[in-house]
Amino acid sequence: MLTVNRFQKEYNNHVILDIPNLEISKGIHWFVGKNGSGKSTFFKSLAGIIPFEGEILFESLAPTQVACKFLINYSEAEPKYPDFVTAKDILKFIAYTKKATDGQLDNLVTHFGVADYWENNIGTYSSGMLKKVSLVSGFLGNPKLIILDEPFILVDAASIDKLYEIISKTQREQGTSFFLSSHQDLLPEKLKIDSVFAVDNKTIVRI
């Protein structure tokens, strides 16, 4: 599914990640590492958000290719949006660009409880409300890989249960793969993890 070769990312001439080779098959995969270890940097590279040196291929496509942007969705750990717009505006735009099916957006905002406030300006949202908007955006369209960066922070217990539920359902019914990062232990009775990857010492290895 995913092949990484000679990947390197630097900030201000400081190497953040250096991955000679990495191959990841379909499934649900958990990435663990300290804050600042490079998890978000790797995820943003996969999603085509930031440039990098080397090669990433997802189903033979590079992240910068338009076709690949329909296959990979990314939900940020601590999302930020303009204060003056509404979540409804943002999510409807993302749904349009991701070619979401009719009714998908309505189902997702209802599932996560975003429909209760999504017509209000984002400047009035709490961090938990913002997080749920980001989680909704991660499932829009028909992605083959959904990247959820720290999906269990900032949200309440009920939302965590709903997240476990929709991850399992989406993987089971659509065959979607997931990359998750979390400082919290994932509950095996609620989610079957296929493999764990350590992000440490400026690289990523399977453990």
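The values are calculated or read from the model by the stated rules, or taken from the named source; none is laboratory data. Bear in mind the structure is a predicted one, so any value in this text is a computation, not a measurement. Neighbour counts run over all protein chains shown; Cβ positions are idealised from the backbone, glycine included.
Within region 144-164, can one find any residue that is in contact with a His (Cβ under 7 Å, 6 or more places away or on another chain), in contact (Cβ under 8 Å) with a residue 12 or more places away in the chain, assigned to a helix (DSSP H, G or I) and surrounded by fewer than 19 Cβ atoms within 10 Å (Cβ to Cβ)? Yes, because at least one residue in region 144-164 is in contact with a His (Cβ under 7 Å, 6 or more places away or on another chain), in contact (Cβ under 8 Å) with a residue 12 or more places away in the chain, assigned to a helix (DSSP H, G or I) and surrounded by fewer than 19 Cβ atoms within 10 Å (Cβ to Cβ). Tell me, please, whether a residue that is at pLDDT below 95 and either over 24 Å from G38 (Cα atoms) or over 12 Å from the mean Cα position of the chain (by Cα) (or both) can be found in region 173-184. Yes, because at least one residue in region 173-184 is at pLDDT below 95 and either over 24 Å from G38 (Cα atoms) or over 12 Å from the mean Cα position of the chain (by Cα) (or both).
The single residue among E119, E78 that is in contact (Cβ under 8 Å) with a residue 60 or more places away in the chain and either in a helix (DSSP H, G or I) or surrounded by fewer than 17 Cβ atoms within 10 Å (Cβ to Cβ) (or both) turns out to be E78.
Considering the conditions (1) in contact (Cβ under 8 Å) with a residue 24 or more places away in the chain; (2) closer than 30 Å to F84 by Cβ; (3) part of a helix (DSSP H, G or I); (4) over 12 Å from the mean Cα position of the chain (by Cα), N107 is excluded by exactly one of them, (1).
Look at K132 and say whether it is of a type in the set (K, R) and surrounded by 17 or more Cβ atoms within 10 Å (Cβ to Cβ). Considered against the rule, which asks whether it is of a type in the set (K, R) and surrounded by 17 or more Cβ atoms within 10 Å (Cβ to Cβ), K132 comes out as yes. In region 26-36, the qualifying residues are those that are surrounded by 19 or more Cβ atoms within 10 Å (Cβ to Cβ) and in contact with a Lys or Arg (Cβ under 8 Å, 6 or more places away or on another chain), and the one that is farthest from S182 (Cα to Cα) is I28.
The number of residues in region 53-68 that are in a helix (DSSP H, G or I) and either surrounded by 18 or more Cβ atoms within 10 Å (Cβ to Cβ) or touching a Cys at 6+ places or on another chain (Cβ under 8 Å) (or both) comes to 1.
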